[in-house]
1. Going through the stretch B:329-346 one residue at a time, which ones are facing chain A (nearest Cβ under 10 Å) and over 22 Å from the mean Cα position of the chain (by Cα)?
2. In the stretch B:347-376, how many are within 8 Å of another protein chain (Cβ to nearest Cβ), of a type outside the set (Asp, Glu) and more than 18 Å from B:GLN410 (Cα to Cα)?
3. What are the residue pairs meeting all of these: first residue in the stretch B:221-242, first residue at the interface with chain A (Cβ under 7 Å from one of its Cβ atoms), second residue at pLDDT below 95 and in a loop (DSSP other than H, G, I, E, B), Cβ atoms under 8 Å, and 6 or more apart or on different chains?
4. Looking at the stretch A:15-69, which of the residues that are closer than 30 Å to B:ASP364 by Cβ and part of a loop (DSSP other than H, G, I, E, B) is farthest from the other protein chains (Cβ to nearest Cβ)?
5. Quick one: in the stretch B:135-149, which of the residues that are of a type in the set (A, V, I, L, M) and buried (at least 24 other Cβ atoms within 10 Å of the Cβ) is nearest to B:VAL85 (Cα to Cα)?
6. Mind counting the residues in the stretch B:2-40 that are farther than 19 Å from B:GLY243 by Cβ, more than 7 Å from every other protein chain (Cβ to nearest Cβ) and part of a helix (DSSP H, G or I)?
7. Among the residues of the stretch B:311-339, what is the count of those that are buried (at least 22 other Cβ atoms within 10 Å of the Cβ) and assigned to a loop (DSSP other than H, G, I, E, B)?
8. Taking only the stretch B:109-134 into account, find how many residues are out of contact with any Gly (no Cβ under 7 Å at 6 or more places or on another chain), more than 9 Å from chain A (Cβ to nearest Cβ) and buried (at least 24 other Cβ atoms within 10 Å of the Cβ).
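The values are calculated or read from the model by the stated rules, or taken from the named source; none is laboratory data. A quick note: this is a predicted structure, and the numbers were derived from the prediction, not measured. Neighbour counts run over all protein chains shown; Cβ positions are idealised from the backbone, glycine included.
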Amino acid sequence: MGGYEFDLWVFMLSAFLGFQLIRSVSPLLHTPLMSLTNAISAITVVGAILITGEKDASVLSRILGFCAVLLATLNVVSGYLITDRMLKMFKRRDTEKK
Amino acid sequence: MTVDNSLLPLLYMLAAMSFILAIKWMNSPATARRGVIIGEIGMLLAVVGTLLRFEVVSYQWILIAFFLGSAIGVPIAYIMPMTAVPQRTAFSHACGALASALIGTAEYYKGLRQGPAPTTVEMTALIVETLLGFLTFTASLMAFGKLQEVLPQRPITYKGQNFVNLGIFGAAAVVGITLIVSPESTSLFPVFTVLALLFGVLLIIPIGGADMPTVIALLNSYAGLSASAMGFVLNNKLLIVAGALDGSSGFILAIIMCRAMNRSFGNVLFGAFGQLQTSAAATSERPYRSASAEEAAQILDSARSVVIIPGYGMAVAQAQHKLREMSDQLTKRGVNVEFAIHPVAGRMPGHMNVLLAEADVPYDKLREMDDINPEMPNVDVALIIGANDVVNPVAETDPKSPIAGMPIIQAYKARTVMVIKRSMNPGFAGIDNDLYYMPNTIMLFGDAKAFVTSLVKELSAVHAA
């Protein structure tokens, strides 16, 4: 243990990186941005897999883990698909004329 | 199959990199779709890597959950109408937050059963994870209910509400801290869970429907922070990074929304904005002008520049496609047509842009408020459809108004202002709009879609004549 200090640094730096990145996103794309980050934060599926797939997990763990994998997968799948569906609709004037 | 776990950190790092790139590429519509692809690749790397970890031995339930999650997720993504995107977003915040909370709960009981007992640091992260997870879960469900209009839009308030909320939150904090100090007091964990769930519900009850854009963004941030806290529990940097990115994203969007309404977080969360203004009953019988579709079409036809200012009312009436037809007609005759988008025009950040993009309005015609305001005095016609408070000059003139100081699209500066509206009733905030009574304003009464449809007809008639 004791790694938490390192973890805090990672958190702090990625939060700052996040602020910088998001600031440069045009308000035009704020809705797709939110559904994309939503899909990305469903990376919690990693934690859910670890809980569910363990060798001697208790019944409780398996049930909770199963639900968590399901919910996170739902977010990953629908998040990426709907982001792409929205982005496909954004067209410029010149490309539309073709 | 077993893979050396030493490869894993590399995979996770690649996944974190692709998430960062994914968000970076969202800064322009030209690269945004590439962002989605790299994000998907990152997710795939992380999931496959995790599945191959030697700790993971039992696959059946994971695969069933993958299957069910996709079976629900795919139809949602394809069937969902664009007007319902805010609801879907609230729903997915609920799912994501609940997932984190459930994993946290499982981690807690697992740590107690198998040992080693969680350290104070781990326990702190775990409590933060489950607190944010559970409260965001119920809060997002409430937001979903308000957006879906199964729950009342008006804020529900009662005396001492803020004290009750503060009390519940304080109780949750005390129980949480007790659990951090002595993790073995298992009986407290369900209490903690219930308090967090309850707090989520109470938090949203006093918030009006018009504030949902801010609330959604804030809940997005909480869900991300919960995921990040899970990273601390599991010692997983990828979760920390992804959660922090999501957390900061939601936070920034919430700030942008607050600024766009000139409100503070505290005011949004505890201000119960959107209650009917009783003082607004003083709306006098002031004179105003109205016109028919025929007259309006002639004015539009003779204009050189038209700025359309849409609000959520336009989307409710499903008028965006007709509006685009009208804009095409005008463009063909050399009228410069643009759309001015207020940051809170839709029901979530950027929502209006998506709705117009869906109606095939090219995105270079969508202008931001700050960008278009300086040009408003040179605009011949400002056509307002389904928007109200975001063009109300009272925000600039009356310091006592509830929307005082809110940045507005300065439609009143245009040579002619046209407002499509059902009646003279005030908008959501119940504030009378001075714009409607200005000498250069023409009211066009009717359903937004029906009126724009008749405008389109009249315009082609003018052209044919």
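1. Result: B:THR331, single match.
2. The first filter runs over the stretch B:347-376 and keeps only residues within 8 Å of another protein chain (Cβ to nearest Cβ), leaving B:348-351, B:353-354, B:357-358, B:360, B:362-366, B:368.
Narrowing further to those that are of a type outside the set (Asp, Glu): B:348-351, B:353-354, B:357, B:362-363, B:365-366.
Add one more test, that the residue is more than 18 Å from B:GLN410 (Cα to Cα), and what stays is B:348-351, B:353-354, B:357, B:362-363.
Final tally of qualifying residues: 9.
3. Going by the 8 Å Cβ cut-off, the qualifying pairs are B:MET230/B:ASN236; B:ASN235/A:GLY3.
4. A:SER26
5. From the stretch B:135-149, those of a type in the set (A, V, I, L, M) are B:135, B:139, B:141-143, B:147; that's our starting set.
With the extra rule that they be buried (at least 24 other Cβ atoms within 10 Å of the Cβ), the set shrinks to B:135, B:139, B:143, B:147.
Numbers: B:LEU135: 22, B:ALA139: 17, B:ALA143: 13, B:LEU147: 10 Å.
Checked the stretch B:135-149; the qualifying residue nearest to B:VAL85 (Cα to Cα) is B:LEU147.
6. 9
7. Residues flagged as buried (at least 22 other Cβ atoms within 10 Å of the Cβ) and assigned to a loop (DSSP other than H, G, I, E, B) within the stretch B:311-339 amount to 2.
8. Summing the residues that are out of contact with any Gly (no Cβ under 7 Å at 6 or more places or on another chain), more than 9 Å from chain A (Cβ to nearest Cβ) and buried (at least 24 other Cβ atoms within 10 Å of the Cβ) in the stretch B:109-134 gives 1.
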